[in-house]
Amino acid sequence: MDFQKSITKENLARSFAAECQEGARYQFLAEKAQQEGYQYIMTFVRSLAKNEMSHAKMFFQAINEHGGDKVQNIDVKAGYPFRTGELADIFKMEAENERMSGESIYPKFADIARDEGFDDVAELFDLVSKVEITHKNILTNFYTGLKKGTLYKCKSGVHAFKCDECGTIVEGKTAPKTCPLCKNGQGYFRVDFSII
């Protein structure tokens, strides 16, 4: 199929735009986490932003590889979420967005690409969809830990909590409110999703 007339071209453009916006939203979410004292979560969410911008670059490159200099402008019509609220609630909403991308949108785009003869693009959508499911799981864990107050508490027994700033490891049922070495707050301790 001619790429210029394909649905795949439009799907790649929509995906590029969506991933750019997700990357920006995660940067804003990282700032919010930092403002609320969750330094480790901020760092983690910034890595999600980096992932999304990497996906955007791959979609951009696929458009250029298949369309070459024939692609000048692609009109994209799609809805993009604008969310605000409590940190935990934003994590829940973003997790749902990642779920839809990973379980529904990108698999559908992969099927269309395959049907139109763009197997490399189909594989790209399939691989990105797996990452989006991973993002959904991470965001869901942050949401659950914040809502239940278990982000820095063990379910049972003793757990080792590591300060992401200085590397101090403290064993206990909860992460300390302040790191004994660098004196940073609890939000600097790594989150172990097995305890949420």
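Please treat every number below as a calculation from the coordinates, not as lab data. As the structure is a prediction and not an experimental result, all values here were calculated from the model. Please note: Cβ atoms are built from the backbone with ideal geometry, for glycine as well, and neighbour counts cover all protein chains shown.
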So how far apart, in nm, are the two label points at ASN64 and LYS77 if each is 7 Å from Cα heading toward Cβ?
-> 2.9 nm
Among [x] 12.0; [y] 15.6; [z] 14.0, the entry that matches mean projected area of the Cα convex hull in nm² as calculated here = [x]
Mean Cβ-within-10 Å packing, highest first, puts peptides 167-178, 10-21, 48-59 in the order 10-21, 48-59, 167-178
Where does the chain land at 222 nm, in deg cm²/dmol rounded to the nearest 500, when only DSSP H runs of n ≥ 4 count, each adding -39500 (n - 2.57), divided by all residues?
-> -20000 deg cm²/dmol
How big is the gap, in Å, between the Cα center of the range 119-196 and the Cα center of the range 12-65?
-> 18 Å
Top positive-direction residue, dipole computed over the chain with Cβ charges, set MET53, ALA18, ALA88 = ALA88
Listed residue pairs exceeding 25 Å between alpha carbons, taken from LYS57/LYS148; LYS57/LYS136; LYS50/LYS155 | LYS57/LYS148; LYS50/LYS155
Which value, in debye to the nearest 20, describes the size of the charge dipole of the chain about its Cα centre when Lys and Arg Cβ atoms bear +1, Asp and Glu Cβ atoms bear -1, and nothing else is charged?
-> 1060 debye
If R0 = 30 Å, then LYS155 and ILE133, at their Cβ-Cβ distance, give a FRET efficiency to the nearest 0.05 of 0.80
Percent RCO, i.e. relative contact order, over the chain, from Cα pairs under 8 Å lying at least 6 residues apart = 20 percent
